[in-house]
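The values are calculated or read from the model by the stated rules, or taken from the named source; none is laboratory data. Small disclaimer: the values here were computed from a predicted structure and weren't measured. For neighbour counting, all protein chains shown are included, and Cβ atoms are generated from backbone atoms with ideal geometry for every residue, glycine included. Note: accessible area is taken over every heavy atom of the protein model, side chains too, but ligands, DNA and RNA are not part of it. Shrake-Rupley method; radii C 1.70, N 1.55, O 1.52, S 1.80 Å.
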Amino acid sequence: AKPLLDLIQANRQDQVVTRYRTFAELEQYCELSANPVGQIVLYIFGVATPERIALSDSICTALQLAEHWQDVAEDLGHGRIYLPAEDLERYGCTEADLAESTAGPAVRQVMRFEVDRAAGLLNEGAPLVGTLRGAARLAVAGYLAGGRAALAAIRAQRYDVLRGTARPRKQRLAGELVRAYVRGR
């Protein structure tokens, strides 16, 4: 029941919160909006353990971040900025920079940092795949592959998330899925 209640709370938070001051605040949002989904998947497959849930949480937070990083321009159009203010400030990136049609150096720098952070979280959670078998392993490998491919698409676009949503190529996604499933991470 807790994962479902967390999802409801995340929806409520989305109605009122449009900016995040720190990465810790954004992580708390991901704990409500993304992590419960992975927990539910583990429960459905009957493989939920505290260790697996912790690994799943890393993957799910990373997936939520990757989605936000793909949609920076779209989110700003809806009045939202998920990039933590502390990170924008660190790289000298302003809201005006995010409203441009193409990313300048400050936007690209902050996006490189955020993409690397999300990739690190994916890698932290990746060993979850190796603890699973059958359909559960395939499902989690698929999520992991999707996140890696999404981040690769942002890198391939040279971190210009303002010119449109970076979408992974199907070939890249398939390759990531096979690698994650076979290597178990």
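Can you spot a residue in region 143-166 that is open to solvent by 100 Å² or more (accessible area, probe 1.4 Å), more than 16 Å from W69 (Cα to Cα) and touching a residue at least 40 places away in the same chain (Cβ under 8 Å)? The answer is yes, given that some residue of region 143-166 is open to solvent by 100 Å² or more (accessible area, probe 1.4 Å), more than 16 Å from W69 (Cα to Cα) and touching a residue at least 40 places away in the same chain (Cβ under 8 Å). Just so you know, in region 122-172 the residues that are β-branched (V, I, T) and farther than 30 Å from S101 by Cα include one that is nearest to the chain's Cα centre (by Cα), and it is V140.
Among the residues making up region 46-75, those that are of a type in the set (V, I, T) and closer than 22 Å to P127 by Cα are V47, T49, I53, I59, T61.
Please indicate, with yes or no, whether at least one residue in region 2-17 is part of a helix (DSSP H, G or I), within 16 Å of the chain's Cα centre (by Cα), on the phi < 0 side of the Ramachandran plot and of a type in the set (D, E). No: region 2-17 contains no residue that is part of a helix (DSSP H, G or I), within 16 Å of the chain's Cα centre (by Cα), on the phi < 0 side of the Ramachandran plot and of a type in the set (D, E). If you go through region 86-99 and pick out every residue that is among the aliphatic types (A, V, I, L, M) and crowded, with 17+ Cβ neighbours inside 10 Å, you end up with 2.
Residues in region 9-21 that are out of contact with any Phe, Trp or Tyr (no Cβ under 9 Å at 6 or more places or on another chain) and over 17 Å from E95 (Cβ atoms) were compared, and the one that is most open to solvent (accessible area, probe 1.4 Å) is R12.
Could you please find all residues in region 153-171 being assigned to a loop (DSSP other than H, G, I, E, B) and either in contact with a Cys (Cβ under 6 Å, 6 or more places away or on another chain) or under 23 Å from G142 (Cβ atoms) (or both)? Correct list: Q157, T165, A166, R167, P168, R169.
This table checks each residue for (1) buried (at least 20 other Cβ atoms within 10 Å of the Cβ); (2) on the phi < 0 side of the Ramachandran plot; (3) in contact with a Cys (Cβ under 6 Å, 6 or more places away or on another chain); (4) β-branched (V, I, T).
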{"residue": "A48", "(1), (2), (3), (4)": "no, yes, no, no"}
{"residue": "I53", "(1), (2), (3), (4)": "no, yes, no, yes"}
{"residue": "Q70", "(1), (2), (3), (4)": "yes, yes, no, no"}
{"residue": "Y82", "(1), (2), (3), (4)": "yes, yes, no, no"}
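Kindly provide the set of residues from region 19-43 that are over 14 Å from the mean Cα position of the chain (by Cα) and not in a helix (DSSP H, G or I), ordered by number. Passing the criteria: R19, Y20, R21, T22. Note on region 100-124: among residues that are hydrophobic (A, V, I, L, M, F, W, C) and free of Cβ contacts under 8 Å to residues at least 40 places away in the same chain, the one that is most open to solvent (accessible area, probe 1.4 Å) is F113.
Residues in region 10-18: is at least one among the polar types (S, T, N, Q) and in contact (Cβ under 8 Å) with a residue 40 or more places away in the chain? Yes - at least one qualifying residue is present in region 10-18.
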